[in-house]
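Read the structure below first, then the notes.
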């Protein structure tokens, strides 16, 4: 297929040859693969966007009765504190939104697993909240979701997006890479800079373990989504400033796969190691 890709280098090649952004390449690839119309694919992505928007709203509601075992009000607390935040109001709102989605997931609310439930807050928070702060409309944010999808597809094919096989680096790391690249494209970055943003986001959490307390997608997942959103915004800004990843995106993905393979099973979503193995965690379960 004309727009098929399995690596960042191939994405860059198609972008140079055809003068297309990554979002458009991803959309055309989906059209080729599924034989669906552009309109139907975009409409489906807009539905995903609407679910993401709703999950942020519901997760931030202070009057919601649903909550998880170990979480439920932290996102609303941070949002209320945003005006006093040392990180600045805008970034505090992004991190609060990232936490809100994962809290909503813990309360059995509807979310978009992008790329997974455990890392579902990062991409919507960065694109919807940060994108909204920059004045991007829903059509533009939807384009960002296609860019994110292309990055996630490469990581999933060449490494992993699952904590059970690659640790949390494969979940919140992949989500941050997707969000960083997507935001970078919306801010005017070319394909090369988009992939530098994604590479830096992945590098920043290389080796991060997956250690859910009680096996639940709550602790430390909620707060790792918050830091994942910060990672994405920072990596995007570095790429937009002209900073480049010394190690190319495809090699970073390969390194992440290698690190994940070397992780002890106790550190890959089994709830036996890391924070899950602490005395307090053991008492909680």
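Sort 15, 7 so the one with the fewest other Cβ atoms within 10 Å of its own Cβ comes first.
Listed from fewest to most nearby Cβ atoms, that is 7, 15.
In whole percent, what relative contact order does the chain give with Cα contacts below 8 Å and a gap of six or more residues?
Numbers: 541 pairs, mean separation 56.4, N = 285.
The value is 20 percent.
Among 43, 266, 74, the order by Cβ neighbours within 10 angstrom, fewest to most, reads 43, 266, 74.
Taking other Cβ within 10 Å of each residue's Cβ, how do 194, 230 sort, fewest first? Spell out each step's value before the answer.
Details: 194 31, 230 20.
Fewest to most other Cβ atoms nearby, the residues stand as 230, 194.
Between residue 4 and residue 66, the modelled label-to-label distance comes to 4.0 nm, taking each label 7 Å out from Cα in the direction of the beta carbon.
What FRET efficiency comes out for the pair residue 156/residue 80, r = Cβ-Cβ distance, R0 = 35 Å, nearest 0.05? According to the calculation, E is roughly 0.45. Note on residue 51 and residue 247: the model spin-label points, each 7 Å out from Cα along the C-beta direction, lie 3.3 nm apart.
Ellipticity at 222 nm from helices only: DSSP H runs of n ≥ 4 in the chain, each -39500 (n - 2.57), divided by the residue count, give -18500 deg cm²/dmol.
Look at the alpha carbon pairs under 8 Å that are at least 6 residues apart: their mean separation over the length of region 46-199 gives a relative contact order of 20 percent. Site pair residue 73 and residue 266 shows an inter-label distance of 3.5 nm when each label is modelled 7 Å from Cα along Cα→Cβ.
Using 0.36 nm per residue of separation minus the Cα-Cα distance, give me the extension gain between residue 284 and residue 240 in nm, one decimal. Walk me through the numbers before you get to the answer.
On the way: separation 44, 0.36 × 44 = 15.84 nm, distance 4.38 nm.
Here the answer is 11.5 nm.
In percent, rounded to a whole number, the relative contact order of region 1-93 is 15, using alpha-carbon pairs under 8 Å and six or more apart.
Every read-out reported here was derived from the displayed coordinates using simple, explicitly stated rules and does not represent laboratory data. From a predicted model like this one, the values you see are computed outputs, not experimental measurements. Quick reminder, even Gly has a Cβ in these numbers, built from the backbone with ideal geometry, and neighbours come from all protein chains shown.
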